[in-house]
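Okay, handing you the structure first.
The values are calculated or read from the model by the stated rules, or taken from the named source; none is laboratory data. Only a predicted model underlies this, so the values are computations on that prediction, with no experimental measurement involved. Cβ: placed from backbone, ideal geometry, glycine included. Neighbour counts: every protein chain shown. These accessible areas exclude ligands, DNA and RNA; they are computed on the full protein's heavy atoms, side chains included. Shrake-Rupley method; radii C 1.70, N 1.55, O 1.52, S 1.80 Å.
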Amino acid sequence: MAQTPVNDSLYVASYQKMRAFFPEVHTGAQYARSQTSVAGHPYFGPNAMEYGIVTIQGFEFSNVPLQYDLFDEILVTLTPARGQRTIMNPERISAFELGDGSRFVKKNNVEGFFFHRNGFYREIATGQQNLYCKHYKEITKDSSPLNPYMSYLEVKRFFIEKDGIMYLIRRKKDSYRLLSINRKEIRPRIKEPRLKFKRDKEAYLLVLVNFANEKTN
């Protein structure tokens, strides 16, 4: 009787449901927020799990529930069996796209950057030169001694990738020198939308990178 299929068994039905999912997507340690007493949330974008796309070992999986924890830099999903929130293995993920279309890729060619951690960078522009943004969250404390208050602060750091090397852009002149751009030739594109480097850093760098890619094509 042990060798006889039991098609109507609840155990068989549950197993058939679970094996339809790729193990690398739906197996992992159970997720719980590491900082529960901090105001706000540690996630990229809204505090909600949305369907996205994840690439694991060259295979792309769509319609996967995803939420990106920026404080611990881990990607969280929902198991189909019990609806548990689990942590996906960052070592096996090469890219993922969240519900709002933001695409993050794994980069290994970043040296000397303290917040590299698991190596996920948001992809902004690609070409001969690429533009990426590193997102992470820190905890800030209110200075009031009577009402101590902690909240999340999101930080962005921008990188330009050229000749396979990622360069952290700290100052405006760093981007011009790296991309070999004359300020006079790019000035009309910066002036018309009134972009300022400190205020509109992503939009400003995107104009420069797109212009540099046009010149090399």
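Residue by residue, here is whether (1) among the acidic types (D, E); (2) touching a strand residue (DSSP E or B) at 6+ places or on another chain (Cβ under 8 Å); (3) closer than 29 Å to N109 by Cα holds:
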{"site": "K172", "(1), (2), (3)": "no, no, yes"}
{"site": "L179", "(1), (2), (3)": "no, yes, yes"}
{"site": "N182", "(1), (2), (3)": "no, no, yes"}
{"site": "R189", "(1), (2), (3)": "no, no, no"}
{"site": "L195", "(1), (2), (3)": "no, no, no"}
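Something else: Considering only the stretch 47-74, state which residues are free of Cβ contacts under 8 Å to residues at least 24 places away in the same chain and either outside any loop (DSSP other than H, G, I, E, B) or open to solvent by 50 Å² or more (accessible area, probe 1.4 Å) (or both).
Within the stretch 47-74, N47, E60, S62, N63, P65 qualify.
Open to solvent by less than 60 Å² (accessible area, probe 1.4 Å), in a strand (DSSP E or B) and not small (G, A, S): is that true of H135 in this structure?
Against the criterion (open to solvent by less than 60 Å² (accessible area, probe 1.4 Å), in a strand (DSSP E or B) and not small (G, A, S)), H135 qualifies.
It is to be established whether one or more residues within the stretch 86-105 are hydroxyl-bearing (S, T, Y) and more than 19 Å from M166 (Cβ to Cβ).
yes
Can you find even one residue in the stretch 107-119 that is open to solvent by 50 Å² or more (accessible area, probe 1.4 Å), at positive phi and modelled with pLDDT under 90?
Looking for residues that are open to solvent by 50 Å² or more (accessible area, probe 1.4 Å), at positive phi and modelled with pLDDT under 90, one finds at least one in the stretch 107-119, hence yes.
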